[in-house]
Each structure stands twice: as structure tokens, then as C-alpha cells.
Amino acid sequence: MKSEQPAHSASKRDYWKHIISEWECSGCKTQAAFCRQAGVSIKSFSRWRSVFAREALQSPSRVGFAKVEVQAPDSAGSGIRIGLSHHAHIDISPDFDAATLRRVLSICI
């Protein structure tokens with residue numbers, strides 16, 4: 001899955017945010033294995049990952065924890081509810097599509 005990097009710096013940020021998010025959700029045991037599979041440079045991957053990690057540590061507005069409520073399952077089956085800020089939530093059914101969930105979470109996080 002070789003992907004091309006955009007030329008514009010804001011687009012590069014978005015590109016690498018997406019690539020790192022894909023790695024986090026991929027289940028690959030190592031960054032090197034993921035980078036080989038994705039066709040991206042491990043050096044660039046590591047650099048951008050450290051940039052985002054440093055920014056996350058410096059940003060006091062980021063929330064590290066979220067309230068999780070466990071509810072009794074309904075008769076249709078058990079799912080997951082992810083609580084977001086301002087009383088919003090995401091309900092996930094037991095037969096969810098993992099790719100769709102990754103896209104939704106990348107927008108919310």
C-alpha cells in the first residue's frame with residue numbers, strides 16, 4: 001500500500017497523522033514492519049511520531065481520560081458506547097466494521 005506524500009506542509013502533517021493512526025490501529029508489532037508494508041520511510045515515520053508526541057505533551061488542553069459508562073446490554077445484543085465530550089457518544093454494534101471505526105475515531109481524536 002505505497003502512498004505518496006503531499007508537497008504542502010499542512011498536508012504533510014495530515015498525511016503523517018493519518019499514517020501514524022493507521023499504524024496504531026494496524027496491529028503490527030513493530031514500526032519497521034508497518035513502514036515496509038505501507039511503503040513509507042521508517043526515518044520519516046519516527047520523526048513525525050516524535051513531533052506529534054512532543055506536541056501532545058506540551059498541549060494542556062488535551063484530555064487523557066474519558067468517562068466510560070457500562071450499561072446493561074439490550075435484547076438485540078451487546079455493543080460498545082464510547083463517550084465523547086459534550087454528552088456526545090459513539091455506539092458500536094457487535095458486528096462493526098473496523099475500517100469505518102478507525103475513520104470515525106481519526107476524526108474525533
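Extending 7 Å from the Cα toward the beta-carbon at both Ser93 and Arg13 defines two label points whose distance is 3.7 nm. Model label sites at Arg103 and Thr30, defined 7 Å from Cα along the beta-carbon direction, differ in position by 3.2 nm. Backbone N atoms of region 17-51 closer than 15 Å to the 7 Å Cα→Cβ label point of Ile82 belong to residues 18, 21-27. When the square roots of the Cα gyration tensor eigenvalues are ordered a ≥ b ≥ c, the ratio a/c for region 9-58 is 1.5 or more and a/b exceeds b/c, which makes its shape prolate. Computed extension length for Ser21-Phe52: 10.0 nm, one decimal, from 0.36 nm per residue of separation with the Cα-Cα distance subtracted.
Here the 3J(HN,Hα) profile of region 21-36, calculated from phi with Karplus coefficients 6.51, -1.76 and 1.60 at θ = phi - 60°, is 4, 4, 4, 4, 8, 6, x, 5, 6, 10, 5, 4, 5, 4, 4, 4 Hz, Gly and Pro shown as x. Simple point charges give the picture: +1 on the Cβ of Lys and Arg, -1 on the Cβ of Asp and Glu, and for region 9-58 a dipole about the Cα centre of about 200 debye.
Values quoted throughout were computed directly from the atomic coordinates according to the rules given, and no laboratory measurement underlies them. Bear in mind that the values here come from a model prediction, so they are computed numbers and not experimental data. A quick note on method: Cβ atoms are made from the backbone with ideal geometry, for glycine too, and the neighbour counts reach across all protein chains shown.
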